[in-house]
Amino acid sequence: MTPPPCGRSPDTMGTRFLLALFLVLLVLGFEVQGAHLPQQEEPASPALLTQVQESLSSYWDSAKAAASNLYQKTYLPTIDEKLRDMYSKSTAAMSTYADILTDQVLSMLRGEE
């Protein structure tokens with residue numbers, strides 16, 4: 001059996017899938033709850049809008065807290081270290097190539113050979 005790409009274990013990939021599935025189900029659950037509310041004919045009052053805003057804010061905060069908690073449980077320091085190292089090496093290489101390209105363009109513009 002070949003190892004998963006990018007050093008991810010099957011457990012990590014499954015956990016992330018479960019997180020995405022949980023968030024989708026959470027949103028769908030709130031949609032279903034909202035569908036059962038009776039429709040009002042009168043225009044919405046500012047108090048109702050404030051209440052809806054506070055309700056959505058609390059739902060968002062609870063979803064963020066759940067996602068953050070799940071991320072903290074699945075955090076892998078070795079993967080984070082590898083990503084930071086890969087980022088620093090790739091930015092150093094890109095900087096070098098950007099300097100070479102800049103020199104070539106300036107040389108072409110000046111007409112030097």
Log entry, pairs with first residue in segment 63-80 being free of Cβ contacts under 8 Å to residues at least 60 places away in the same chain, second being hydrophobic (A, V, I, L, M, F, W, C), beta carbons closer than 7 Å, six or more apart or on different chains, reads Ala63/Leu23; Ala63/Leu26; Ala67/Leu19; Ala67/Leu23; Leu70/Leu19
Cβ pairs under 8 Å, 6+ apart or interchain, first in segment 14-33 and open to solvent by 80 Å² or more (accessible area, probe 1.4 Å), second modelled with pLDDT under 80, ordered by first then second residue, are Arg16/Thr74
Here the residues within segment 63-82 that are open to solvent by 60 Å² or more (accessible area, probe 1.4 Å) and more than 16 Å from the chain's Cα centre (by Cα) are Lys73, Leu76, Pro77, Thr78, Glu81, Lys82
Note on Gly7: of the conditions (1) surrounded by 10 or more Cβ atoms within 10 Å (Cβ to Cβ); (2) modelled with pLDDT of 75 or more, unmet is (2)
*When you look at Val52, is it within 30 Å of Leu19 (Cβ to Cβ) and either modelled with pLDDT of 80 or more or outside any helix (DSSP H, G or I) (or both), yes or no?*
yes
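The values are calculated or read from the model by the stated rules, or taken from the named source; none is laboratory data. All values derive from a computational prediction rather than experimental measurement. Heads up, the Cβs are rebuilt from the backbone with ideal geometry, glycines too, and the neighbour counts pull from every protein chain shown. Side chains are part of the model used for accessible areas, which takes the heavy atoms of the whole protein and leaves out ligands, DNA and RNA. Shrake-Rupley method; radii C 1.70, N 1.55, O 1.52, S 1.80 Å.
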